[in-house]
Amino acid sequence: MARFEFRLPDIGEGLAEAEVAKWLVAVGDRVKEDQPVVEMMTDKASVELPSPGAGVVVERLAAEGDVIKTGAVLYVLETETQIGAAPRHTAAPESHENSPAPDKVAEGSGVLAPPAVRKLAREMGVDLAGVKGCGPGGRISADDVKRHGAAPPVASAAPVGSGQRVRLRGVQKRMAETMALSARTIPHVTGFHELEAGAFAELSSRLRKEAESKGARFPFDTLLVRAAAIALRRHPIFNASLDDERGEIVMHDEVNVGLATATPDGLVVPVVKHADTLGLDRLASEVDRVASAAREGKTSLSDVQGGTFTISNTGAWRGGHGTSLIRPPEVALVAFGRIEEMAVVRDGKVVARPMMPMSVTFDHRLIDGEAGLSFALTLRSLIEDPDQLVT
């Protein structure tokens, strides 16, 4: 038999670590090649890591909630054949520096539970190591798992006063870390603008109805992504990033637009790759695909990598103006709010027009006020005269 040490790969553009969100198999479980074994959380997404081959999971070297460094051993797989060049034939498990003690590592080992109960526990997200079995010898039944899964999460009491503390983890923890880094290192400047968006809304509605007649979807954000992609090509400094260590500005060849997407676990930013080169139908399909996957917690690793610029649309929640935080190493983002009828002056008369708030935020280390205004005016032109977006 061969022992294969599965090490945490780089699952997010050079990220140094990731958090164990959920184990999908227990120690002693037999897995197939490409079967998901563990779900990891980064600042961008939740990613399921598949097994590189068939075998039995004999060790788990981290518990849920632990933060693991890239390259560290996550679990050990016992296989009948070698997987790549990494397996190591040994008579006994080797020691791992800084690994948890054996009684903590083999979480779930020694648990008395039939395969059907283990399957139920995985589906419910229940760690059998924490379930008290009521059967003979502590054997765990399906009812034990259901009772455990229905129990409310334990939260520690606050040290003073009323209330409770809930651990910050997963996507929410990574979001907090990224936003703290942004606020600490980037000098933000935001320009606020009001765009007349009647023609834009009518065009989006028409394209949506046309798509639906063909059994497809046309998300509202599609035209916003198209406008941003065109503007980024005209103002390439907004499609750049800053390499602090080398003191260099990186001018990106690709226009990869991130869509800030609210999910039950926190903010996720899936990326529409090559947004400036996609036809309108393909762009709509990609916007719908990556945003839907993010909301459903099914974002793939490739869909959260390579972003060069970010769009935030808070219109669905009646959002207006606001200063958003830039995601390092990007240097800018644009936020749009809800289109609403507002009183404006046209030809000396006060009239009602559908107006959309837009906030352009940029890194003042790279972009000055004039460049920021020029970019905003390009976006204004594209949105107020949206025929430019479909030609």
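Under 5 Å between amide H atoms, partner at least 5 residues away or on a different chain: which partners does E48 have, H built in plane at 1.01 Å?
The list, which skips near neighbours in sequence, is M40.
Quick one: accessible surface of I68, probe radius 1.4 Å, all protein chains present, in square angstrom to the nearest 10.
Accessible surface of I68 is approximately 20 Å².
Counting Lys and Arg as +1 and Asp and Glu as -1, each charge on the Cβ, what is the dipole of the range 206-343 about the Cα centre in debye, to the nearest 20?
Here the size comes out at about 560 debye.
How much accessible surface does D368 have with a 1.4 Å probe, in Å² rounded to 10?
Rounded to the nearest 10, the figure is 80 Å².
Could you work out the equivalent-ellipsoid semi-axes for the range 264-357, taking the square root of 5 times each eigenvalue of the Cα gyration tensor, largest first, in whole Å?
Semi-axes (√(5λ), whole Å): 31, 16, 14.
Per residue Cα convex hull volume for the range 332-391, in cubic angstrom?
117 Å³
Can you give me the relative contact order of the range 268-382 as a percent, contacts being Cα pairs under 8 Å and 6 or more apart?
Details: 143 pairs, mean separation 21.9, N = 115.
Across the range 268-382, relative contact order equals 19 percent.
With a cap of 13 neighbouring Cβ atoms within 10 Å, and only residues DSSP puts in a loop, list the GluC sites (Glu not before Pro) found in the range 292-391.
Listed in order of number, the matching sites are E296.
Using label points projected 7 Å from each Cα along Cα→Cβ, tell me how many nm separate M124 and Q164, to one decimal.
So the two model labels end up 1.9 nm from each other.
Accessible area, 1.4 Å probe, largest first: how do H193, H252, H321 sort?
The ranking, largest first, comes out as H321, H252, H193.
Cα centroids of the range 369-391 and the range 188-204: how far apart, whole angstrom?
9 Å
At a probe size of 1.4 Å, how large is the accessible area of S141, to the nearest 10 Å²?
My reading of the accessible area for S141 is about 50 Å².
Which value, in Å to one decimal place, does the Kirkwood hydrodynamic radius take for the range 190-229 when every pair of different Cα atoms is included? Intermediate values should be presented prior to the final figure.
Details: mean 1/r = 0.0884 Å⁻¹.
That comes to 11.3 Å for the range 190-229.
Taking the Kirkwood radius as the inverse of the mean 1/r across Cα pairs, report the Rg/Rh of the range 155-272.
1.09
The values are calculated or read from the model by the stated rules, or taken from the named source; none is laboratory data. Keep in mind it's a predicted model, so treat the numbers as computed, not measured. Ideal geometry is used to build each Cβ from the backbone, glycine not excepted, and the neighbour counts take in all protein chains shown. For accessibility, only protein heavy atoms count, side chains too; no ligands or nucleic acids. Shrake-Rupley method; radii C 1.70, N 1.55, O 1.52, S 1.80 Å.
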